[in-house]
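For reference, the structure is listed below as structure tokens.
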Amino acid sequence: MLAEGVGYSRVMYDFFFKKSPNNVPKQALPSVKNDLSESGNENFVVWFGHSSYLMVMDGLTVLVDPVFSGHASPIGFTTKSFEGTDVYTAADMPELDLLIITHDHWDHLDYETLTQLRPKTKKIVTSLGVGAHLQRWNFDKEIIHELDWNEHFASEAFKITALPA
């Protein structure tokens, strides 16, 4: 809801042209780059920023919403990643037992990243409708599992349930 006396055009103008200096960190975010393929038998989580993270649990490798292109927009010079959050690339990712794509917004479904991860990906779980994008990008439809609300995907190690949020 807009505050009284504030029109939609004013809100949009401020959004695009009046950026707060506090929206961007003043210095690079601290990060440490590790070799993700040499984890041994360790369980770990690596957060890459926003909603992108890698989990290795009991030998199972799961990547969620990877965006490694340096931006979360179809236009490369907008919505750039913060300095320090882009130390990993798709090439740094190990073989993926499961790739989870939560939905098809630009900051979750990154064409550049996903096409690079295609040969490393065994299975994909995603929301209803996202499979069409993935098939158009030459992912094998047999590895794509789309879930509608309250549907489940189960493997021998875990169960994923799609819920509205």
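The values are calculated or read from the model by the stated rules, or taken from the named source; none is laboratory data. Nothing here was measured: the structure is a model prediction, and the numbers come from that model. Glycine also receives a Cβ, built like all others from the backbone with ideal geometry; neighbour counts cover every protein chain displayed. Side chains are part of the model used for accessible areas, which takes the heavy atoms of the whole protein and leaves out ligands, DNA and RNA. Shrake-Rupley method; radii C 1.70, N 1.55, O 1.52, S 1.80 Å.
Worth a mention:
- Nearby lysines by direct alpha-carbon distance to LYS18 (threshold 20 angstrom, same-chain neighbours under 8 apart not counted): LYS26, LYS80
- 3J(HN,Hα) couplings calculated from phi for segment 113-126 with the Karplus curve 6.51 cos²θ - 1.76 cosθ + 1.60 (θ = phi - 60°) are, in sequence order, 5, 5, 5, 6, 7, 3, x, 9, 9, 8, 9, 10, 10, 8 Hz; Gly and Pro show x.
- Model label sites at LYS18 and TYR53, defined 7 Å from Cα along the beta-carbon direction, differ in position by 3.5 nm.
- Amide H partners (placed H, <5 Å) of LYS123, local residues excluded: LEU98, LEU99
- Rounded FRET efficiency, nearest 0.05, which uses the C-beta distance separating SER9 from ALA91 and R0 of 45 Å: 0.55
- Considering only the Cα atoms of segment 25-64, their convex hull presents on average a projected area of 3.2 nm².
- Placing LYS33, LYS26 in order of accessible area, with the largest value first and a 1.4 Å probe, yields LYS26, LYS33.
- Karplus-based coupling profile of segment 27-36, in residue order and whole Hz: 9, 4, 6, x, 8, 10, 9, 10, 7, 6, with θ = phi - 60° in 6.51 cos²θ - 1.76 cosθ + 1.60 and x standing for Gly or Pro.
- Shown is the FRET efficiency for ALA165 and VAL45, computed with R0 = 22 Å from the Cβ-Cβ distance and rounded to the nearest 0.05: 0.65.
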